[in-house]
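The values are calculated or read from the model by the stated rules, or taken from the named source; none is laboratory data. As the structure is a computational prediction, the values presented were derived from the model and not from experiment. All Cβ positions, even for glycine, are placed from backbone atoms using ideal geometry, and neighbour counts span all protein chains on display. Each accessible area value is taken on the protein alone, full model and side chains, heavy atoms only, with ligands, DNA and RNA left out. Shrake-Rupley method; radii C 1.70, N 1.55, O 1.52, S 1.80 Å.
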Amino acid sequence: MPSPHPEAPPDDPAPDSTLVPSDNLARLVAHAINNPLAALLMDLDTALELLDTSERSELEKRVEDVRRLLAEMRKSALRVHSVIEDMRQTRNAAEAVRILSVAPSVTAVAPAAQKGIVARVLVVDDDVLVAAAVKRTLREHEVFVQNSALDALAMLQSGERFDVVLCDLMMPGIAGMDLYEEVLKLDPAQAARVVFVTGGAVTVRAREFVATTQNQVVEKPFDVRKLREIIARTLK
């Protein structure tokens, strides 16, 4: 199937002439780190939830030690995320160096699993680690994963429908924005259920899309509670 919008430039983290060099570097670093960080945070949340809801046994003390260790790992991951968010706003090299030299203080909060109606969720993300972590995080729902926008589009064209489509914004080949436009032509009601996830809108086109879209946008690493709230609102 031909790629939609062949005349559009590739929507990947390529150098952007509208950014000063240090700003572009900061955005690229943030985008590169965000995906593995998102997967780490989601799996830590999942592990903490499983430990908190597990029945106690003779291994209670060891389980508690593991829980504390996971909580500390989550704090470290959140510190990295805090630096990433600051780096996205930097406009010069001196400011970037200052940000990287500061260790922000953060508080880790493990979200509780939400029980309720089971949703059909399609996750579209070219990063295999992130997509798998999302599926584990939303284990209370029926989650389908596609690592290719083309494969996701083929599913929808075949008649599959979902309560929520979690779609990565920045993907090689067909970006999330292109997939959305194709789904909008196919089924506007399904397009309205697309929630974009992004580890950083690196290109000018992506930032303009985020600024103007009526669909919800969730930043990586995910706030798991917010992600579940979005799914709950969409179901209503």
note = Taking a ≥ b ≥ c as the square roots of the eigenvalues of the Cα gyration tensor, with a/c under 1.5 meaning rounded and otherwise prolate when a/b exceeds b/c and oblate if not, segment 117-236 is rounded
Distance in nm between pseudo-label sites at GLU140 and ALA232 (7 Å out along the Cβ direction from Cα) = 0.8
ask   = With every protein chain in place, what's the accessible area of HIS81 (1.4 Å probe, Å², nearest 10)?
value = 40
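Please work out the FRET efficiency for the pair GLU181 and ARG225, using the Cβ-Cβ distance as r and a Förster radius of 41 Å; give the result to the nearest 0.05.
E(calc), rounded to 0.05, equals 0.85.
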task = Counting other Cβ atoms within 10 Å, keep those with at most 10, restrict to DSSP loop, and tell me which trypsin sites (Lys or Arg not before Pro) in segment 113-164 are left.
result = LYS115
Stretch gain in nm, segment VAL118-SER158, where the contour uses 0.36 nm per residue and the Cα spacing is subtracted = 12.2 nm
